[in-house]
Amino acid sequence: MKEKLNFLGKVFCILEILAEKENNSLNKITKKAGLKKPTIYRVLQQLTELGYVTKYEDKYGLSLKFLVFSGKIFKNNQNIRDIAQKYMLGLRDIYDESINLALWDKDNNKCVLIETHLSTKILRVENKIGDEFSLKNTSVGKAIAANLPWETVQQIIEKTKEERHTEHSVTDINEYHKELIEVKENSYAIDNEETLDGTKCVGVPIFGASNTVCGALSISSPSHRLTDDILQKMIKDLQIAGHQISFELRLSKIYQ
């Protein structure tokens, strides 16, 4: 029950709704939030007074003030973007498939996409900066999870209780654990239509200055284009890029 949230929890619940779609009426926000209308109205009034929410007629939306926060977050992660950029573009030019860079947000137990270079082909896999990936069934998630303590991964999986996405999704925790052991040994992970039918993704871990996993690099493609020969070559090139990025992060003392 969202009514059991404390006041701060209710504030963020409302902000998340406003972030999904601009120009929400009070009635729409109330319906989505599952909170009492007077509570929502009070929160919106305070956020409007503080300048974080705008109101036009009877519609509410997030203000540009949030760009201050997003700009600072972007700047904080700019160093790893700068380092990874040339390797990502190099892989995109070779394979003309979508290349993704995700960071491990250990405070919130999420993999977050911070950079992507899309394929130029009409049929392609499209992800957006800010997209979140689970530790299960995604190549970046598995590449990161394989380099975390199993006890930590297990606790996260149990809390999130992820639903089955496709018939290929792994649901058995023991099967998932065995796969992570293989990922750790082979230094790459594959999402074989586990998240989205008709889509394959291969990912490798990235390590920071302290030699702990901080993110993952991946290539996403429609499944029919990834023959075994192309996939094996792609894995090798991706591993080389991952090693190079990790090496430069250590030299730059980033993510200690």
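A few remarks follow.
- Yes/no for residue 99 being touching a residue at least 12 places away in the same chain (Cβ under 8 Å) and either closer than 19 Å to residue 189 by Cα or out of contact with any Leu (no Cβ under 7 Å at 6 or more places or on another chain) (or both): yes
- Residue identified as assigned to a loop (DSSP other than H, G, I, E, B) and either hydrophobic (A, V, I, L, M, F, W, C) or out of contact with any Ser or Thr (no Cβ under 9 Å at 6 or more places or on another chain) (or both) among 170, 183, 202: 170
- Every pair of residues 6+ apart whose Cβ atoms lie under 7 Å, when the first sits in segment 63-89 and is of a type in the set (D, E, K, R) while the second is surrounded by 13 or more Cβ atoms within 10 Å (Cβ to Cβ) and modelled with pLDDT of 60 or more: 65/52; 81/114; 81/115
- Test: residue in segment 58-74 that is exposed (fewer than 12 other Cβ atoms within 10 Å of the Cβ), charged (D, E, K, R), at pLDDT 70 or above and outside any helix (DSSP H, G or I): yes
- Residue match in segment 48-57 (condition: surrounded by 14 or more Cβ atoms within 10 Å (Cβ to Cβ), of a type in the set (Ser, Thr, Tyr), modelled with pLDDT under 85 and under 22 Å from residue 6 (Cβ atoms)): yes
- Subset of segment 186-199 [in a loop (DSSP other than H, G, I, E, B) and farther than 30 Å from residue 252 by Cβ]: 193, 194, 195, 196, 197, 198
- For residue 156, the requirement of being hydrophobic (A, V, I, L, M, F, W, C) and in a loop (DSSP other than H, G, I, E, B) is not met.
- Condition broken by residue 129, with the remaining ones in (1) touching a helix residue (DSSP H, G or I) at 6+ places or on another chain (Cβ under 7 Å); (2) surrounded by fewer than 23 Cβ atoms within 10 Å (Cβ to Cβ); (3) β-branched (Val, Ile, Thr) satisfied: (1)
- Segment 103-125, subset charged (D, E, K, R) and at pLDDT below 90, residue surrounded by the most Cβ atoms within 10 Å (Cβ to Cβ): 110
The values are calculated or read from the model by the stated rules, or taken from the named source; none is laboratory data. It should be emphasised that the depicted structure is a prediction, and the values quoted were computed from it without experimental measurement. Note that each Cβ is placed from the backbone with ideal geometry, even for glycine, and that neighbours are counted across all protein chains shown.
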